[in-house]
Amino acid sequence: MPSDLQSDRDLAERARGGDSAAWRAIYDSTCDRLFAFLCYQVGDRDEARDILQETYLQAFRRLGTYRGEAPLGVWLRSIALGRSIDWKRVVLRRLKRTTSLDESSARVEPDIQGVRFDSEDDALYRALGKLSRHQRAALLLREWEGLSFLEIARLLGCAESTARVHHVRAREHMRAALRGGERPLTERDWEGQET
């Protein structure tokens, strides 16, 4: 693993020095996974493409801040996660300005119809769409990306124990939703989370 980190450091250093082949190698090795991650996060392929482009632009501008303590893919995912959270804030702000919120319209679900993977079905996307952004991120980063809770905590900007709680609650909700025994979200489910 240390050799992978060294390889990432060398690649980043070459890209910082203006080596376009190094930047292309970074892009080629991370693009597909980042795009899939963003599709899950925002639930819209077109928006995910836009956010992916913004992620790489920001990474290019901030390549000098990459310290090589984590793989480049993790560093880029943290940028992508931040960009997707910013996008959701803007969408919610626009929604609040254009519609009055009542009990039935307060629940914002992403448009997940456009995201299609052969191995998954609509129930999975609906269940993912009902999780809080922290729960969804913790679940995807742990189950799909295989990150440790410490890495997830760093990406979410919370304590490791909080990342574990987000993950456990997300798994409980997914299990209930996919078994058809979906229970309504309670105040306990949202404790300590930004909404």
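The values are calculated or read from the model by the stated rules, or taken from the named source; none is laboratory data. Small disclaimer: the values here were computed from a predicted structure and weren't measured. With ideal geometry, Cβ positions are generated from the backbone for all residues, glycine too; neighbour counts draw on all protein chains shown.
Values for this structure:
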read-out	value
Flag for GLU13 being on the phi < 0 side of the Ramachandran plot and outside any helix (DSSP H, G or I)	no
Residue that is in contact (Cβ under 8 Å) with a residue 24 or more places away in the chain and of a type outside the set (D, E, K, R), where the choices are LEU57, LEU38	LEU38
Subset tally (residues that are modelled with pLDDT of 55 or more and either touching a Ser or Thr at 6+ places or on another chain (Cβ under 6 Å) or not assigned by TED's automatic domain parsing to the domain that holds LEU140 (or both)) for the stretch 152-195	1
Segments classed as helices (runs of 4 or more DSSP H), wholly inside the stretch 32-147, with at least 2 members that are at pLDDT below 90 and within 22 Å of HIS166 (Cα to Cα)	72-98, 122-129, 133-139
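Residue-by-condition table, conditions (1) touching a residue at least 12 places away in the same chain (Cβ under 8 Å); (2) under 10 Å from the mean Cα position of the chain (by Cα):
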| position | (1), (2) |
| --- | --- |
| LEU128 | yes, no |
| LEU131 | yes, no |
| HIS134 | yes, yes |
| ALA138 | yes, yes |
| ARG142 | yes, no |
| LEU156 | yes, yes |
| ALA163 | yes, no |
| VAL168 | no, no |
